[in-house]
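Here the structure comes first, spelled out in structure tokens, and everything after it is commentary.
The values are calculated or read from the model by the stated rules, or taken from the named source; none is laboratory data. Because the structure is a prediction, the values reported are computed rather than measured. With ligands, DNA and RNA removed, areas are computed over all heavy atoms of the protein, side chains included. Shrake-Rupley method; radii C 1.70, N 1.55, O 1.52, S 1.80 Å.
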Amino acid sequence: MKVEALPVIKGDFNLKNYDEMYREFNWGEIEKQFSWSETGKVNMAYEAIDRHAQGERKNKVALYYRDPSREEKYTFKEMKEMSNRVGNLLKQAADVEKGDRVFVFMPRSPECYFTILGAIKLGAIVGPLFEAFMEGAVKDRLEDSAAKVIVTTPELLERVPLEDLPALKHVVLVGENIKEEGPIIDFYTRMKSASKDLEIEWVDRNDGLILHYTSGSTGKPKGVLHVHNAMVQHYQTAKWVLDLKDDDVYWCTADPGWVTGTSYGIFGPWLSGVSNVILGGRFKPETWYQTIEEYGVTVWYSAPTAFRMLMGAGDELVKQFDMSSLRHILSVGEPLNPEVIRWGMKVFNLRVHDTWWMTETGGQTICNYPCMEIKPGSMGKPIPGIKAAIVDDQGQELPPYRMGNLAIKRGWPSMMYTIWNNQAKYESYFMPGDWYVSGDSAYMDEEGYFWFQGRIDDVIMTSGERVGPFEVESKLVEHPAVAEAGVIGKPDPVRGEIIKAFVALRDGYEVSEELKDDIRNFVKKGLAAHAAPREIEFRDKLPKTRSGKIMRRVLKAWELDLPTGDLSTMED
Ligand code: WT7
């Protein structure tokens, strides 16, 4: 297919010549910028906040926060002091030490960001949890990582099964009128008396920083561990890909429960010393445009689902706001439709730059750069310092236009360090030739642009969130009426995919709309709203292999009216 490339919109970009940089760049140069080059030790929170708080950016706004009930701003100096206070609180009241897992389970708020940074200052490993998670999902994550502390709100505490989590020693509650008893610690009262000076824990670059749980096609979510060394890539991609400069006002719409919301909602922008906008509350097109107008957002990082919803809200709406501050727009999480790029050109007069990466890569990997032509539909080219290729199942590189595994040569700075408690799982990502295999299929064209084709496994991407079918199936079969369940992603124009469940009922249960709703709510309450199947179809029997595995591939073929392929392993 021939696509019309979008030319570069002229400007003074940090990355001026992609090809030249790709040939010449090596990470060693960048590493010299961080404190470990002198002391051997480092701390992400120091590099992101304290470093600026001590210098010229001291009184510059680091955080603009806004939700329907609050509007606040904090300078780098204030961010340093607030995160120091949380650090002291966690150390004194909750006994947090280097390497401890501290979970942060609360809606986006300034306190959420102070806490993440404060815990990092102690050398703790932060486990951010999306606020929509329900009890089952919370339990799995805290249990697997043997979390010692959780920082949460009184409302969300109901979803933390304290009695099932013996390793969990302290619960810090961010709320009003908290009574300290048992494991409970009152955040606001303790913050008042906590010192704003803190001795930072200096760590090795390969010490743990953050633990993001993410889904695969089999088994429970796995804990992807990132280390402080990732800062090298966060910093450099914030330069090249986000194109951040000192006077930028940057807004990343992602929640820190997902990797985009930490790597590029916290680390990338603050390592670069820019003003960072955080919008709390729920998605609303008016509020989003208002945020850009009010703060004068210049660089905006969001996701295809959000762009599609904005597009759906109509061009009349966007015209009511002043979007002239915007100069650079980026997208991540799912395939970026050429249609969205065309819409972006129409309403913002800007190109939307697609970026491809994943929880495991920790940082942007294949991207479109302001200085490079965009081919709508393509994810772009690997960042300098990274080698990406399309390989076959033996790890042999394939020529242009051949579809295969999208793979990256092992050893980029923000690569996951391990899978928590599961080194074997970590190793299973790699193929001969030192290739990290992403699970995505793609091809490369003759100019080196990469084109996404699909997931090789059954992982579902719904509204930019990654959902493992197995986790949903496991929850479904806990419902008293459900005998068996198979879960697939079904293409959807707005959400990318929606979750569809095929369900076989136990004897004695009758098919009904009420039962469907009940099953859907059961998953909503047990896992998370975004993991609940929007569509449920009842079947007498599900296609299974002789060894009893549900054949999702066959379910998908039924759904999409496609050939079912090889059925030799299917039971009679
Ligand atoms: C999967 C990773 C790290 C960002 C958020 C998602 C899909 C991601 C793109 C893109 C097509 C994309 C892939 C990938 N994906 N970006 N630009 N075009 N697909 O992180 O939850 O770890 O999911 O998201 O399938 O493997 P994640």
Filtered hits (aspartates and glutamates, Cα-Cα < 19 Å from Lys91, offset >= 8 within chain) -> Asp50, Glu81, Asp100, Glu111, Glu180, Glu181, Asp186, Asp197, Glu199, Glu201, Asp207
Per its Cα gyration tensor (rounded if a/c is under 1.5, else prolate when a/b beats b/c, else oblate), the range 150-216 is best filed as oblate
So for the range 203-260, using the alpha carbon gyration tensor with a ≥ b ≥ c as root eigenvalues (a/c under 1.5 gives rounded; past that, a/b versus b/c decides prolate or oblate), I'd call it oblate
Where a ≥ b ≥ c are root eigenvalues of the Cα gyration tensor, a/c under 1.5 meaning rounded, otherwise prolate if a/b exceeds b/c and oblate otherwise, the range 438-572 counts as oblate
Beyond 31 Å (Cα-Cα) in this structure, taken from Lys139/Lys425; Lys98/Lys222; Lys41/Lys375; Lys73/Lys179, we find Lys41/Lys375
Ignoring ligands and nucleic acids, Thr359 exposes an accessible area, probe 1.4 Å, in Å² to the nearest 10, of 20 Å²
Length gained if Asp445 through Tyr188 is fully extended, taking 0.36 nm per residue and subtracting the Cα-Cα distance, is 87.0 nm
Result for the chain: accessible area per residue, probe 1.4 angstrom, in square angstrom, of 41 Å²
Computed over the Cα atoms of the range 360-482, the Rg and Dmax in Å are 16.6, 57
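Over the range 122-166, with every protein chain in place, what whole percent of the accessible area is carbon and sulfur at 1.4 Å, could you tell me? Numbers along the way, then the final one.
Numbers: 750 of 1510 Å².
Taking all protein chains in place, the range 122-166 shows 50 percent carbon and sulfur surface.
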Between the alpha carbon centres of the range 48-76 and the range 474-550 the gap in Å comes to 45 Å
Sorted by accessible surface (1.4 Å probe, heavy atoms of the protein chains only), largest first, Trp27, Trp240 come out as Trp27, Trp240
From the Cα centre of the range 354-393 to that of the range 128-165, the distance in Å is 34 Å
Percent of all Cα-Cα pairs per 20 Å bin for the chain, counting from 0 up to the last occupied bin, reads 20, 55, 23, 1
For Arg66, Arg190, the accessible-area ranking with a 1.4 Å probe, largest leading, is Arg190, Arg66
For Ser302 the rounded accessible area (nearest 10 Å², probe 1.4 Å, non-protein molecules ignored) is 10 Å²
Contour minus Cα-Cα span, Lys16 to Leu317, at 0.36 nm per residue, comes to 104.9 nm
Between Met106 and residues 5 or more places away or on another chain, the pairs with built amide H atoms under 5 Å apart involve Leu129
Straight-line reach check, Lys284, cutoff 19 Å on alpha carbons, 8 or more apart in-chain or any other chain, hits among lysines -> Lys319
Excluding residues fewer than 8 positions from Lys490 in its own chain, the aspartates and glutamates with Cα under 15 Å of it are Glu334, Asp457, Asp458, Glu465, Glu535, Glu537, Glu559, Asp561
